[in-house]
Amino acid sequence: MIFILKFSLFEYAHFMTNLIAKRLAEARTKMGLSQKQLGIKAGIDPFSASPRINQYERGKHTPDFGTVERLAKVLKTPVPFFYTKDNELAKLILIYASLSGKNKKRAVSEISNFLT
């Protein structure tokens, strides 16, 4: 039983690594930044910035949560975008983040109307 649990956790970690890699590459490309530029702006040493972002985007390594927060800030992208497996929800997260405070409330109200 423990073997199955460990295997499932391994599969989940692999899935999350690939998901973050995909979303990171997408957001970086949209911002028009090179891997090196993104890494440096996120506080990674200039010497290792490009290789490190490349490893994240290829799924070789997974950035910790604090690193994702710094990358998200540079990319002007909400942190949850990097962790959602649902592509439609990822789009909604980006749309919601681009709205003003007043329009965020309105959007939540409109979406809530679908539930009633």
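Taking every lysine pair in the chain that is 8 or more places apart or spans two chains, those with Cα atoms closer than 15 Å amount to 11. Averaging over all projection directions, the Cα-based convex hull of the range 15-116 occupies 7.0 nm² in the image plane. Phi angles across the range 85-91 convert, under the Karplus curve 6.51 cos²θ - 1.76 cosθ + 1.60 with θ = phi - 60°, into 3J(HN,Hα) values of 7, 7, 5, 5, 5, 4, 5 Hz, Gly and Pro given as x. Assuming R0 = 22 Å, can you tell me the calculated FRET efficiency for the pair Ile111 and Lys41, based on Cβ-Cβ distance, to the nearest 0.05? That gives a FRET efficiency of 0.10.
Every read-out reported here was derived from the displayed coordinates using simple, explicitly stated rules and does not represent laboratory data. Note that the structure is a prediction, hence the values are computed from the model and not measured. Positions of Cβ are backbone-derived with ideal geometry, glycine not excepted, and every protein chain shown enters the neighbour counts.
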